[in-house]
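Okay, structure first, notes after.
The values are calculated or read from the model by the stated rules, or taken from the named source; none is laboratory data. Because the structure is a prediction, the values reported are computed rather than measured. Virtual Cβ from ideal backbone geometry, glycine too; neighbours counted across all protein chains shown.
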Amino acid sequence: MQLIMKRGNNIKTYIIGLIISLIPVFSYGQRIVSVNLDTVACLGDSVFVGIGYDPAHEVVVEDLVTAISHPGRVFLPDGIPCGSLGCSYRSPVTFSGYPSNAVISSVNDINFIRLNIEHSWIGDIYIGITCPNGQVASLMNYSNGGTSSCTSTIPQSHRGWTSGSNAPTSTFFGQAYDDGASNKCDSTQPSNAPGVGWNYCWSDNTMNGYVYAPGDGLIYRNTNVHNGRIDSSNVAQGRQFYHPNESFSSLIGCPINGSWYIEVMDGWSIDNGYIFDWELSLNPSFVPSAGTVTGIDVVGNEVTRTGDSTFLVSAPAGTENDTMVMYRVLLFSSTGDTLDTAVWVHYTEHPYQLVEGDFCDGDTLWFEGTPITASVARIDSVLTTYGCLSVTEYNVRFHERYDVYDSIFPCGNLIPWYAGVPYPGAGDFLITDTTVWGCDSLTHLTISYMDSGFRAQILLSDDGELWSGDTMLGGCVPMTVWAMDTMPLMLEGYWNMGVDSATWLSGDSLTYIYDTAGVFNITHVAVSLHGCRDTVMMKNAVWTFTPPHASFSWAPENPVLSHPVAEFFNYSTPAGLSYLWLMQTNDGIDSVKEAKPFYSWARDGENVFGDFDVTLLATQTYVGPYGLPVECVDDSMATVTIVNDWLQFPNLVTPNGDGTNDIWKVVNLLECGLYSMNEVWIYNRWGTEVFHAKDISREEEFWDPDETNSPDGTYFYRFMARSAWGVVKRNGMIEVVR
């Protein structure tokens, strides 16, 4: 095999010989490979790898392990979950090295499964085998006798023996120490001491001449019992073997490589036992005899395949200078096996130097014997003896020595500071210093006082029109106040309106609503264009008061045309208010100043009915700023409906279907709603009753001559109604004309 490596973009090419010798016979777990490699590559470059091999080269694999046991004594939980063991003993044996496509294809592919165990009655036990892909076969079903907290962990399909008669209840595995402990999880208790385990073998193999137990070879047959214990098997002689309860045909398709698990669970918590070891033995026919090399691969970080046997490799990110990096060459055989070997590439860096710094005009920087006196930014590159590119980057900066002029404008009567240094006052000053680059500098500083007359001021208004700077304002909650500062040169303004000391509002003017009663100070901070600050406070600037609450009702709820009078009840709070009632009438607005008026809408010659608005104005007077009164007013408005209680009784009905006067009804009976208790009788000319109705509340309930089949002619009515205003009785005549 030959490995060829080339440096991608360099002017030099390296041809490196790599010889890998394969010894054609090897054993399980070995990698017998001879390597000769010595090469150097540059960090950041890709290396071309070409590999040649003989595809007809024969590879033989021999001495694969066909039987693996799992040793070690383990206490079997006694029908209850025990710590990390749970309800079962479960342990693996692992096979590897077989061809990747090797699977169980026949029950004869499994020689036997051996379990060394001691336990009292066998009917409590479930034993199963699980292959690497999860397929399961039951070696012995649980008899389904007894109950415990572990019964539910046994698969439902593996509960209950499927044929034959049950073994006697005293039938044991091995020489069981049958003395159940009260603590069923503590193996250190004397009553949980281990007995003597016997070997038991299960097999479906019909090719090896095994001698199965009497009968059909199931472990739970009565005929298999010997002195109260199931007979142990003789593994070497292949005697006294047992068939699994579930044929090993359920394991067909299981891969050989991987972990096989045996699981033993106790379904009844009145006995105990131990597992000492178990073994899985496979048919030796799985060992492949020979194969050929079918392919090759290179594995490692930063490897790219460019063909069937060509690759590009480069150093992984973060590889340091003078580092050996390993890559694996893999050979694949037709048997599914892989041989691999490590190859190494010695990586060296592309040297890189950075020359940078900040200097002052007139300084000199020396680098490798060369003076540098001016700013420079460039990159130089050469090749090293290994052919790697060496780079030097220059980034040198030269800075001026400054001579500048500056001015500051401190606020009036304040000590001026400049660059962290206090100065005695206004004037011109010469300052020597160094720049941030360490270069000498000269500053000409001029200090001039500004804003010596800058003062904050507060102007207030309760309407946004009339402003005052010294007048306190009084009003009722909610009260809107306008505040403003008209000082020239102001940059920023901040206001505290006295409600919350921590709340500040910004702006040279603002509108604020007071929603609580009290006396409030207003504080204003003004900042000038040059940063000067001034603060002013107006004490007791705003007085706010709680307004009263106006409320009223009246009786009766609906006055009537015949008596348009209502008594008004005043519920306004607090006590001691002054009142003004505004009563709507047919002529306009009438005013009343009583607290609880008794009001009549009756006017000479007028019929008064309909809706009339009534408004109550309640006023409370407070002593405000400067001892002046502040009046707070609340109003309440409602509508009083005066009902037309004049009932009219028509004497003519024309039921011709034109929608006019088709029925006989008492006018205003329904509209006023006062006479809900009513009754009417209608008779023909011979005194026969043709209609009777009581407590009429809808127009459809009045007399319709068509509905009573009453012909044209003269009829007589009798009406009676009762209300809070009295009793109405009427008699009369009705003419029906179509």
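A few comments on the model shown:
- Taking the criterion of being within 27 Å of Leu670 (Cβ to Cβ), part of a loop (DSSP other than H, G, I, E, B) and not β-branched (Val, Ile, Thr), the residues of the range 575-602 that qualify are Asn586, Trp601, Ala602.
- Filtered residues of the range 265-285 (kept if among the β-branched types (Val, Ile, Thr) and part of a strand (DSSP E or B)): Ile275
- Criterion (assigned to a strand (DSSP E or B), touching a Lys or Arg at 6+ places or on another chain (Cβ under 6 Å) and under 30 Å from Tyr98 (Cβ atoms)) met by exactly one of Phe332, Phe311: Phe311
- The set of residues in the range 690-736 that are acidic (Asp, Glu) and surrounded by 11 or more Cβ atoms within 10 Å (Cβ to Cβ) comprises Asp695, Glu701, Asp704, Asp706, Glu707, Asp712, Glu735.
- Put simply, of Pro288, Pro244, Pro214 the only residue that is at pLDDT 90 or above and in a loop (DSSP other than H, G, I, E, B) is Pro244.
- Of residues in the range 146-182 being at pLDDT below 85 and at positive phi, the one surrounded by the fewest Cβ atoms within 10 Å (Cβ to Cβ): Gly160
- Residue in the range 479-491 that is touching a Pro at 6+ places or on another chain (Cβ under 7 Å) and outside any strand (DSSP E or B) present: no
- Against the criterion of being closer than 26 Å to Cys360 by Cα and surrounded by 12 or more Cβ atoms within 10 Å (Cβ to Cβ), Leu445 qualifies.
- Single condition Ile20 does not satisfy, out of (1) in a strand (DSSP E or B); (2) of a type outside the set (Ser, Thr, Tyr); (3) at pLDDT 60 or above: (3)
- Residue list for the range 356-377, restricted to those being within 18 Å of Thr434 (Cα to Cα) and part of a strand (DSSP E or B): Gly357, Asp358, Phe359, Cys360
- On inspection, Trp646 fails the criterion of being among the hydrophobic types (A, V, I, L, M, F, W, C), assigned to a loop (DSSP other than H, G, I, E, B) and exposed (fewer than 12 other Cβ atoms within 10 Å of the Cβ).
- Restricted to the range 454-508, and to residues there that are surrounded by 14 or more Cβ atoms within 10 Å (Cβ to Cβ) and of a type in the set (Asp, Glu), the residue that is farthest from Met537 (Cα to Cα) is Asp462.
- Checking Ile415 against (1) more than 30 Å from Arg397 (Cβ to Cβ); (2) surrounded by 18 or more Cβ atoms within 10 Å (Cβ to Cβ); (3) not polar (S, T, N, Q), the condition it does not meet: (2)
- The single condition among (1) outside any strand (DSSP E or B); (2) at pLDDT 95 or above that Tyr675 does not satisfy is (2).
- Restricting Thr392, Thr341 to those that are in the same structural domain as Val40 (by TED's automatic domain parsing) and either in a strand (DSSP E or B) or among the aliphatic types (A, V, I, L, M) (or both) reduces the list to Thr341.
- Yes/no for Gly412 being over 30 Å from Gly362 (Cβ atoms) and in contact (Cβ under 8 Å) with a residue 24 or more places away in the chain: yes
One line per residue, one yes/no per condition, for (1) within 30 Å of Val481 (Cβ to Cβ); (2) in contact with a helix residue (DSSP H, G or I) (Cβ under 8 Å, 6 or more places away or on another chain); (3) small (Gly, Ala, Ser):
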residue: Asp358; (1), (2), (3): no, no, no
residue: Val382; (1), (2), (3): no, no, no
residue: Pro416; (1), (2), (3): no, no, no
residue: Leu430; (1), (2), (3): no, no, no
residue: Ser448; (1), (2), (3): no, no, yes
residue: Ser461; (1), (2), (3): yes, no, yes
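- Checking each residue in the range 418-442 for being of a type outside the set (D, E, K, R), surrounded by 12 or more Cβ atoms within 10 Å (Cβ to Cβ) and in a strand (DSSP E or B) picks out Tyr418, Phe429, Ile431, Thr434, Ser441, Leu442.
- In the range 700-718, the residues that are of a type in the set (D, E, K, R) and touching a residue at least 12 places away in the same chain (Cβ under 8 Å): Asp704, Asp706, Asp712, Arg718
- If you go through the range 86-101 and pick out every residue that is in a loop (DSSP other than H, G, I, E, B) and crowded, with 21+ Cβ neighbours inside 10 Å, you end up with 2.
- Filtering Gly518, Gly576, Gly531 for residues that are at pLDDT 95 or above, surrounded by fewer than 20 Cβ atoms within 10 Å (Cβ to Cβ) and on the phi > 0 side of the Ramachandran plot leaves a single hit, Gly518.
- Within the range 595-627, being over 17 Å from Thr639 (Cβ atoms) and of a type in the set (Asp, Glu) holds for Asp604, Glu606.
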